[in-house]
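Everything below concerns the one structure shown next.
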Amino acid sequence: MAIKDLTRDLTKRIASSHIKWSLIIFFVILLFNFIFTPNFFHIEIKNGRFYGSIIDVFNRAAPVMLAAIGMTLVIATGGIDISVGSVMAISGSIAAVLIAKMDVPFWMVLCLPLVFSALLGAWNGLLVSYIGIQPIIATLILLVAGRGIAQLVTDGQIIVFEHPPFEFIAGGSLFGLHFPIIISFGVFLIILFLFKFTALGLFVESVGGNSEASKYCGINAGRIKLVVYIVSALCAGIAGLIAASNIKAADPNTSGDGLELNAILAVVIGGTSLNGGKYFLVGSVIGALIMQSLTTTILTMGVPVQVTLVVNAIVVLVVCLIQSKNFRDILAGIFKLDFRGLLRRMPLKGGNK
Amino acid sequence: MIESTPILQVKSLSKSFPGVKALAGVDLSVWTGEVHALMGENGAGKSTLIKLITGVYRRDQGEIIYNGEKVNFSSPREAQEKGISTVYQEVNLIPTLSVAENIFIGRFPPEGVKINWKSIKKSAEDSLKKLDLCLDVTQPLSSFPIAIQQMIAIARAVDFQAKVLILDEPTSSLDAKEVNLLFSIIRKLRDDGLGIIFVTHFLEQVYEISDKITVLRNGLLVGEFETQSLPRLELVAKMMGKDLEEFENTEKKLDSAVQVNGNRKNGKSFIQIRGFGKKGMIYPFDLEINKGEVLGLAGLLGSGRSEMAKLLFGIERADKGKIYIDKKAVSGSSPKFSIKKGMGFCPEDRKTSGIIEDLTVRENIMLAVQTRQGLFRKIAKKKQDEIVAQYIKALNISTPSPEQKIKNLSGGNQQKVIVARWLASQPRLLILDEPTRGIDVGAKAEIQKLILKLSREGMSILFISSELSEILRCSTRIAVLRDKVKVAEMMNQDIDESAIMQAIAEEDNGN
């Protein structure tokens, strides 16, 4: 009985929340795969670890998911951080140089790139909140300069290394799960609770919703923005470690290329508005999963490489259109469809009968 | 040239917006070579009238006769081309372009495809010279102070062969010296034969520069007057809609509440403010608020009431003066600091500085409590629900649920939520800036009652309102502001509305 109430409560909340559309889309993609992609949901255990397409989606989504988590908070304050790809490259490069060229303890290999990432985030935050540069420009500086920094760090080369403990980050596993999955969901939970169990989340939404009114409430908007840019850069830094560990090398030129756009897309698909205000971390995670499952689907379907991006773009367009209330209204007008009613009748709310 | 008709004549102009009659049957006559002040409090219809004249809005009824013929401008641009130019309070030129470009933008002299920069520079200098201004016109507009930008805007406006110049609160962000400079230009233009409509809130300036005054109130015409023959007090009375004789004849009635309040006049001081001020905002002032006292702040719009409150709360940093709380000097000025010191501030503009639209009623209420608690000591959901339920009940906020987004509430209820936000933070001094504006009568009475109740419980309240009757009903003492200066302070028992109005209107009498 209690469980029934709980699920009813949960379904009710989902049905009325912003993330319902991203959830529906995710399930549609999974359903599509269930029907058309053989063995998509086939999971096998090798060496005490789960393998399979669906596991692969979660594993490969990790970098975008991490960047999207940070990006969500930045966007919630009304900003944007397009430097995450560069930060990712810098972080990976520093780790690679530390491993390949310097003799430092392992904890420093993990910590130094992240500390430096945090500093870069603080730089972004300072430019945005205290100097007053528009977020897209402020982070554009680092987007451009960051690649240069990464190249400086590696001396313009791709640094290859062998280092089993570091390789564990991308290649290892815990509780039968690929370690990147553990990391990304770990970070997700930490951020989720950090922002929920302190007033950070409320203040972020308040600053993004009405910065002037927040000021009257005594909220230091500058400091809040500083924090979210640091968090965003830290997430990107972690993604950089995963990427470097994955290819056992640091590639300052291509690592994290386009990450910022994918992350923004994941956030938007997840239901957070670029205008700032309310944010949906869960939505962003689902958004990242949607993007990765899409890519994986297209690849496993055997779509020719040259049309992959086009197919990807079309699906993303459809996803965004479905999210748009205006579009749904137009569509409903044309087909005399009652989306609301449709949703009401969906099994999501089955508990109401 | 002897003229027998005004250059611009407006006859029984009316305009309605959904649900509001913004302007009803207003007349206005502007003659060449005169400065005509347009006065009225908030919502009087001044800006609607100007927007109707310049073609921003379409009128519902009435006619506009300009230069002898009926006109019907479809855009400000058309009005400008015909010779009616407007300069707004916020200079709406482009800061990054040069002065010359700003003067000529949108009407570069046609010379094939190429723009002749030399001739533009020359004509820009000429048109500025007409106003006795010598500037480097190649410099970007933003490199000049606001006053000069304002004059450049006027130069541009006049350059359109203007016959009528409308100045919409041009002086509100200028200091005394700059105002003088602007006035000398206005006089020059007047002597050149322009008809000038001058919108302002500053009485001093009206009497300094204008020849005639048209007063509007609540969208209605109160009347047109010769400036010389209209005493200040009468002007204030007309703007506020009070009949002078009525005042003089009415016996002073003491509200029982006021008596109760008055008895506490010897309460202990909570906050003392000494020589607090900021250039361009408000001249240095002293103020003292006792515990359990309601200090009313009266004055016309733009007299510095809100500025005083903002400075006090730390929204803006004062450049002079000191604050003592409980007789101890406090340093620091930020809203957060003020909240920690036990202050709360309901700002005037609910929409832009009060509510956070997308957050729920609960979240909106909790914000100030939470900043007072600090970032890391989040108030538990259960405790939040208790606090929120308590204030929803206490203030009678009508909302379907605490989790309703605040933007879905009515204005009065939104206002109550903001008040609840501050009450929940249990302040010792609550600043209320026009808390009853734009809300319905019921909610208004409730808020007034609440003010009295809170003060009885020992809270100090700084109460700003445009409505004298409301201030009189609620306050123990009343401070009066005029033209950014605190000009008077009086005990409520000794005065009535006409005394306050006299203070608002009077010339300097050494405080």
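The values are calculated or read from the model by the stated rules, or taken from the named source; none is laboratory data. Source: prediction; values computed, not measured. We place every Cβ from the backbone using ideal geometry, glycine too, and count neighbours over all the protein chains shown. Just so you know, the surface numbers come from the protein's heavy atoms only, side chains and all, with ligands and any DNA or RNA stripped out. Shrake-Rupley method; radii C 1.70, N 1.55, O 1.52, S 1.80 Å.
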- prompt: Which chymotrypsin sites (Phe, Trp or Tyr not before Pro) from the range B:334-429 combine a DSSP loop assignment with at most 11 other Cβ atoms within 10 Å?
  reply: B:Phe376
- line: Summing +1 per Lys or Arg and -1 per Asp or Glu among the other residues with Cβ less than 11 Å from B:Thr54's Cβ gives +1
query: Once the protein assembly as shown is represented by equal point scatterers at the alpha-carbon sites, with solvent omitted, what log10 I(q)/I(0) does the Debye formula produce at q = 0.08 Å⁻¹?
result: -0.92
- prompt: What number, in nm² with one decimal, is the all-direction average of the projected area of the convex hull of the alpha-carbon atoms of the range A:51-321?
  reply: 14.6 nm²
task: In whole angstrom, note down how far apart the Cα centers of the range A:148-227 and the range B:123-170 are.
output: 52 Å
message: As I understand it, the dipole of chain B uses +1 on the Cβ of Lys and Arg and -1 on the Cβ of Asp and Glu, about the Cα centre. Which of B:Leu97, B:Ala176, B:Ala503 lies farthest toward its positive end?
response: B:Leu97
message: If I model a spin label at A:Trp107 and A:Val318 as a point 7 Å from the Cα along the Cα→Cβ vector, what separation in nanometres do I get?
response: 5.1 nm
task: Work out the length of the dipole vector of the protein assembly as shown about its Cα centre, built from +1 on the beta-carbon of each Lys and Arg and -1 on the beta-carbon of each Asp and Glu, and round it to the nearest 20 debye.
output: 3000 debye
field: Sites B:Ser269 and B:Lys449, calculated FRET efficiency, Cβ-Cβ separation with R0 25 Å, nearest 0.05
entry: 0.45
task: Taking a probe of 1.4 Å and counting only protein heavy atoms, give the total accessible area buried between chains A and B in Å², rounded to the nearest 100.
output: 2100 Å²
field: Environment charge of A:Gly208, counting only residues whose C-beta is closer than 10 Å and scoring Lys/Arg +1, Asp/Glu -1
entry: 0
- prompt: Looking at this model, which pairs from B:Lys407/B:Lys444; B:Lys291/B:Lys407; B:Lys449/B:Lys484; B:Lys327/B:Lys486; A:Lys225/B:Lys382 are more than 26 angstrom apart at the alpha-carbon?
  reply: B:Lys291/B:Lys407; B:Lys449/B:Lys484; A:Lys225/B:Lys382
field: Under 5 Å, built H, 5+ apart or other chain: amide partners of B:Leu23
entry: B:Lys15
task: Find the relative contact order for chain A and round it to a whole percent, using C-alpha pairs within less than 8 Å whose residues are 6+ positions apart.
output: 32 percent
query: Hey, quick one: spin label on B:Gln493, modelled 7 Å out along Cα-Cβ, who in the range B:284-320 has an amide N within reach, i.e. under 12 Å?
result: none
- request: Calculate the spin-label point distance for A:Ile45 paired with B:Ala176, positioning each point 7 Å from the Cα along the beta-carbon direction, and give it in nanometres.
  value: 8.7 nm
- prompt: Within the accessible area of the protein assembly as shown, what % is carbon and sulfur when the probe is 1.4 Å and the other protein chains stay in place?
  reply: 58 percent
task: State to the nearest 20 debye the size of the charge dipole of the range A:51-321 about its Cα centre, where the only charges are +1 on K and R beta carbons and -1 on D and E beta carbons.
output: 480 debye
- prompt: How big is the charge dipole of chain B about its Cα centre, in debye rounded to the nearest 20, if each Lys and Arg gets +1 on its Cβ and each Asp and Glu gets -1 on its Cβ?
  reply: 2640 debye
- line: Distance in Å, no decimals, from the C-alpha centre of the range A:101-120 to the one of the range B:61-109 is 62 Å
- request: Compute the relative contact order of chain B as a whole-number percentage, counting only Cα pairs closer than 8 Å that sit 6 or more residues apart in sequence.
  value: 15 percent
- line: For A:Lys248, the lysines lying under 29 Å Cα to Cα, once residues fewer than eight places off in the same chain are dropped, come out as A:Lys46, A:Lys101
FRET efficiency, 1/(1 + (r/R0)^6) with R0 35 Å, evaluated for B:Glu63 and B:Ser229 via beta carbons: 0.75
